[in-house]
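The values are calculated or read from the model by the stated rules, or taken from the named source; none is laboratory data. Keep in mind that what you see is a predicted model, and the values were worked out from it rather than measured. When we count neighbours, we look across all protein chains shown, and the Cβ atoms used for this are built from the backbone with ideal geometry, even at glycine. Accessible surface is based on the protein model in full, side chains and every heavy atom, while ligands, DNA and RNA are left aside. Shrake-Rupley method; radii C 1.70, N 1.55, O 1.52, S 1.80 Å.
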Amino acid sequence: PRTLVDALSEKTTISFSECIIQVFTFHFFSCLEIFILIFMAVDRYVAICKPLHYMTIMSRRVCSVLVALAWVGSCVHSLAQIFLALRLPYCGPNEIHHYFCDLEPLLKLACTDIYVTNLLLVSNSGAICTVSFVMLMFSYVIILHSYEEIVFSISLFQLKYLGEVVQRVDNNIYSQIICLYKCA
């Protein structure tokens, strides 16, 4: 929201607290998207590989737990990022030469060595990206392996869902991650 306000005004300053809120919000919703994508892959796995047990496995309670896990996991990730950034002392030119406030440009304003903090931040984000990638690929390998076993009994409806899940992985997550780190 702040970026939209700044686009319409000549004065494009943001306070430190607004910057931290923007960083938290960005990381929270990005991580939430990754977790929801993982749980969608689990849902598609159950729908394709165990279609007769789908309603008992993916009950309303299980879906609610998965959504709660996505929100809690995203909150934990974002809070870890914010707490690592907040423990640093800041000084010098309090100006970020970036179109929005993110951790990497914010860390450049710190008055201390940020090597360990940067390592922890990258480890946190990298672990989430790596684990999500492995989980997604594992679920797709299982789906494709089971596809060999049920090649004659699979419906076009199930193939459509498999294609949608694969397309979402390619378009949503990994292109955003690459863009984020290439632009920063």
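Restricting attention to the range 35-69, the residues being closer than 17 Å to ILE142 by Cα, within 23 Å of the chain's Cα centre (by Cα) and small (Gly, Ala, Ser) number 1. Residue under question is SER175, and the condition is that it be closer than 16 Å to SER30 by Cα, at pLDDT below 70 and not assigned by the TED database to the domain that holds PHE35; does it hold? Yes.
Filtering the range 102-117 for residues that are touching a residue at least 24 places away in the same chain (Cβ under 8 Å), part of a loop (DSSP other than H, G, I, E, B), among the polar types (S, T, N, Q) and surrounded by fewer than 16 Cβ atoms within 10 Å (Cβ to Cβ) leaves a non-empty set.
On the given criteria, is ILE154 open to solvent by less than 90 Å² (accessible area, probe 1.4 Å), modelled with pLDDT under 80 and not in a helix (DSSP H, G or I)? It is true that ILE154 is open to solvent by less than 90 Å² (accessible area, probe 1.4 Å), modelled with pLDDT under 80 and not in a helix (DSSP H, G or I). Among the residues of the range 72-81, those that are in contact (Cβ under 8 Å) with a residue 24 or more places away in the chain and either open to solvent by 10 Å² or more (accessible area, probe 1.4 Å) or farther than 15 Å from VAL116 by Cα (or both) comprise GLY73, SER74, CYS75, HIS77, SER78, LEU79, ALA80. Among the criteria (1) modelled with pLDDT of 85 or more; (2) basic (Lys, Arg); (3) not in a helix (DSSP H, G or I), the one ARG61 does not fulfil is (3).
Scan the range 13-34 for residues that are under 20 Å from MET137 (Cα atoms) and open to solvent by 30 Å² or more (accessible area, probe 1.4 Å) and the total you get is 2. Here is a check on your reading of the model: is LEU52 of a type outside the set (D, E, K, R), more than 19 Å from GLU33 (Cβ to Cβ) and open to solvent by 90 Å² or more (accessible area, probe 1.4 Å)? Considered against the rule, which asks whether it is of a type outside the set (D, E, K, R), more than 19 Å from GLU33 (Cβ to Cβ) and open to solvent by 90 Å² or more (accessible area, probe 1.4 Å), LEU52 comes out as yes. Kindly check whether there is at least one residue in the range 58-70 that is free of Cβ contacts under 8 Å to residues at least 24 places away in the same chain, within 19 Å of THR25 (Cβ to Cβ) and hydrophobic (A, V, I, L, M, F, W, C). Scanning the range 58-70, I find no residue that is free of Cβ contacts under 8 Å to residues at least 24 places away in the same chain, within 19 Å of THR25 (Cβ to Cβ) and hydrophobic (A, V, I, L, M, F, W, C), so the answer is no.
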